[in-house]
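**Q** Dropping a structure here in structure tokens format, bear with me for questions.
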Amino acid sequence: MYKLHALHTGLVAITMSVAFSAGAAPDQPAARGPGAAEYAEYIYAANQGAHTVSGYRVELETGKLTALPGSPYQSGRFPVSITSSHDGRFVYATNQGSGTVSAYKINPENGALEIVPGSPYEVGVYPDAITISPDDHYVYVSSEDANLITSYRVDNATGALQRTGTPVATGHHPIGITVSPNGRFAFVSNFDDESVSSYRIDQNDGLLTPLKQIAKTDPHPIYIAVSHDNQFMYVANYGTATVSAFHIDNSSGALTEVSGSPFVAGAQPYSVTVDPSNRFVYVANWGSHNVSAFTMNRETGVLSEIEGSPYATTWFPYAVVVDPKDQLAYVADNGNNTISAFHIDPNSGALSKVAGSPFSAELGPYALAITHAQTTVAK
């Protein structure tokens, strides 16, 4: 039975990523003048209903989004997850309706997407989330009906994918998958088992080895985020109004629930992200049409809701991402065909709407990836 009967009823996965290109730190000032490198940020959206991927340039001073040349770009059927490489060169999207992964090269001059030769790549029935390792060498895809994670090696020159190793078993109905920033572990949410599975990543070949421990969550865990210091993991529990929090043992990968977890969010929380400064956590609440904002205690992992939270979006928000400069947050409003944009208060983490938000998007924006790159100023 096909999973996506309507834009608002499919319980499928999203992957949101914040990628940092290797050429410069996120706070590096942009150089000016003909032929100089200029800092640029781009957002890419997987449009579930339009069967496309959209691209936008972020106007850093205002938060405004401007469509990239050629956008939207063709994908397979029902793209539901998207990720970008950390070096700002490639984008990958899972197409649940086609059982494939679409691969794109980012044009370094303007952020536009170009199909990678050989794309799309077969992945099997009902692929969900997709994520890329911190070194950009490996891509991992969850398959909800097969209860498997499939691994791919990335050709660094072209962005092409080649399947590697044997798919690894998960729990029942795996949805989200993410890799810890240090590249040591992968974590998978098992929607039907109310759990998260953990895997050790072989540093030589990227293959996954299951760890024995299974961490219990509240009902129907969806999306996962790991703090940038590799200490904590947060899981949005769609079946309740909560976020589960765990401490990560960076030697063994063992997960220990944080004191006070699970923490209350909005109705049917779908996705969660940790900001680049490692101080704030944001949760997109599908059922209550808003975003919950928390401060994160960097010693304990405890979450405390920020005054003014939750913040209204439009209908059925799925994905939430924060830009690399830690100034802006964006939300995919699946039910309204828009992207909501917020300024982040640098001291409190509170959100305020960007002028002109929400911005028009394609049909059914479902997942977001945000990256930065060095573009060339035209002579």
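**Q** Which condition number in (1) free of Cβ contacts under 8 Å to residues at least 60 places away in the same chain; (2) in contact with an Asp or Glu (Cβ under 7 Å, 6 or more places away or on another chain); (3) not charged (D, E, K, R) is the one that S142 fails?
**A** Among (1) free of Cβ contacts under 8 Å to residues at least 60 places away in the same chain; (2) in contact with an Asp or Glu (Cβ under 7 Å, 6 or more places away or on another chain); (3) not charged (D, E, K, R), S142 violates only (1).
**Q** Within region 228-235, identify whether any single residue is touching an Asp or Glu at 6+ places or on another chain (Cβ under 7 Å) and in a strand (DSSP E or B), and answer yes or no.
**A** no
**Q** So, in region 209-227, exactly how many residues are at pLDDT 95 or above, in contact with a Ser or Thr (Cβ under 8 Å, 6 or more places away or on another chain) and either surrounded by fewer than 17 Cβ atoms within 10 Å (Cβ to Cβ) or of a type in the set (G, A, S) (or both)?
**A** Qualifying residue count for the region: 5.
**Q** Mind checking whether some residue in region 239-252 is assigned to a loop (DSSP other than H, G, I, E, B), modelled with pLDDT of 95 or more, within 18 Å of the chain's Cα centre (by Cα) and not polar (S, T, N, Q)?
**A** no
**Q** Continuing with this model, one more query. Looking only at region 133-171, count how many residues are surrounded by fewer than 18 Cβ atoms within 10 Å (Cβ to Cβ), within 25 Å of N190 (Cα to Cα) and of a type in the set (G, A, S).
**A** Selection size over region 133-171: 3.
**Q** Kindly indicate the residue of region 161-203 that is part of a strand (DSSP E or B) and charged (D, E, K, R) and also farthest from D136 (Cα to Cα) among those meeting that condition.
**A** Per the stated criteria, the residue is R200.
**Q** Sort out for me the strands (runs of 3 or more DSSP E) sitting completely within region 313-379 that have 1 or more residues that are among the β-branched types (V, I, T).
**A** By residue number, 317-322, 328-333, 338-344, 365-376.
**Q** Quick check: anything in region 82-96 among the charged types (D, E, K, R), in contact (Cβ under 8 Å) with a residue 40 or more places away in the chain, assigned to a loop (DSSP other than H, G, I, E, B) and under 23 Å from F187 (Cα atoms)?
**A** yes
**Q** Something else about it: Select from region 253-295 the residues that are of a type in the set (F, W, Y) and either over 13 Å from T242 (Cα atoms) or within 19 Å of the chain's Cα centre (by Cα) (or both) and list them in ascending order.
**A** Once the filter is applied, which keeps residues that are of a type in the set (F, W, Y) and either over 13 Å from T242 (Cα atoms) or within 19 Å of the chain's Cα centre (by Cα) (or both), region 253-295 yields Y270, F280, Y282, W286, F294.
**Q** Taking D136 as the residue in question, decide whether it is of a type in the set (D, E) and over 21 Å from Q74 (Cβ atoms).
**A** yes
**Q** Tell me, which residue of region 310-330 that is β-branched (V, I, T) and surrounded by 22 or more Cβ atoms within 10 Å (Cβ to Cβ) is farthest from the chain's Cα centre (by Cα)? Quick ask: steps written out before the conclusion?
**A** To start, the set of residues in region 310-330 that are β-branched (V, I, T) comprises 313-314, 320-322.
Subset that is surrounded by 22 or more Cβ atoms within 10 Å (Cβ to Cβ): 313, 320-322.
Values: T313: 18, V320: 8, V321: 7, V322: 10 Å.
If we take residues in region 310-330 being β-branched (V, I, T) and surrounded by 22 or more Cβ atoms within 10 Å (Cβ to Cβ), then T313 is farthest from the chain's Cα centre (by Cα).
**Q** Turning to a different aspect of this structure: List every residue pair whose Cβ atoms lie under 8 Å apart, where the two residues are 6 or more positions apart in sequence or sit on different chains, the first residue falls within region 331-342 and is farther than 7 Å from P317 by Cα, and the second residue, located anywhere, is among the charged types (D, E, K, R) and assigned to a loop (DSSP other than H, G, I, E, B).
**A** Matching pairs, first to second residue: N337/E362; A341/K64.
**Q** Further, regarding this structure: Could you grab me the full set of residues in region 259-277 that are over 13 Å from S348 (Cα atoms) and either free of Cβ contacts under 8 Å to residues at least 12 places away in the same chain or in a loop (DSSP other than H, G, I, E, B) (or both)?
**A** Of everything in region 259-277, those that are over 13 Å from S348 (Cα atoms) and either free of Cβ contacts under 8 Å to residues at least 12 places away in the same chain or in a loop (DSSP other than H, G, I, E, B) (or both) turn out to be S259, G260, S261, P262, A265, G266, A267, Q268, P276.
The values are calculated or read from the model by the stated rules, or taken from the named source; none is laboratory data. Given the structure is predicted, the values throughout are model-derived calculations rather than measurements. Glycine also receives a Cβ, built like all others from the backbone with ideal geometry; neighbour counts cover every protein chain displayed.
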